[in-house]
Amino acid sequence: MEQSQINTFDELIEFLRANDLTPSEVNEIIRLSLKAFYILDHTKDEMIEGLIDWWSKWKHTNERPPFIGYKNTLSLDVED
């Protein structure tokens, strides 16, 4: 893998798409660069699309949720 300098979110997405990375490697890069991560299994492409959705919703906030890609996958309902 070629060493790259990433300065913007778009450059991060380009890097993730252009390199042959495992989902675990994608998760580690996201965790280190954005302090966010996935806890469920996803493909590389699903992770990138989820990251784009997460960023479009949270990029202008100071506090962002640490978990990415949880549309309809996590229920916080309390059951009796």
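Listed values, structure above:
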| read-out | value |
| --- | --- |
| Spin-label pair residue 14/residue 41, simplified geometry with 7 Å Cα→Cβ offset, distance in nm | 3.3 |
| Inter-site label distance for residue 6 and residue 63 at 7 Å from Cα along Cβ, in nm | 2.6 |
| Förster-model FRET efficiency, 41 Å R0, residue 52 and residue 78, C-beta, rounded to 0.05 | 0.80 |
| Cα gyration tensor, the range 9-58 - rounded (a/c under 1.5), prolate or oblate | rounded |
| Lys/Arg +1, Asp/Glu -1 at C-beta; the range 9-58 dipole; positive extreme among 21, 48, 36 | 36 |
| Relative contact order (percent, whole number), the range 9-58, Cα cutoff 8 Å, 6+ residue spacing | 36 |
| Rounded to the nearest 20 debye, dipole of the range 9-58 from Cβ charges on Lys, Arg, Asp, Glu | 240 |
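Where a number appears in this text, it was derived from the coordinates with a stated rule and is not lab data. Values in this document were obtained by computation on a predicted structure and should not be read as measured data. Every residue, glycine as well, gets a Cβ built from its backbone with ideal geometry; the counts of neighbours run over all protein chains shown.
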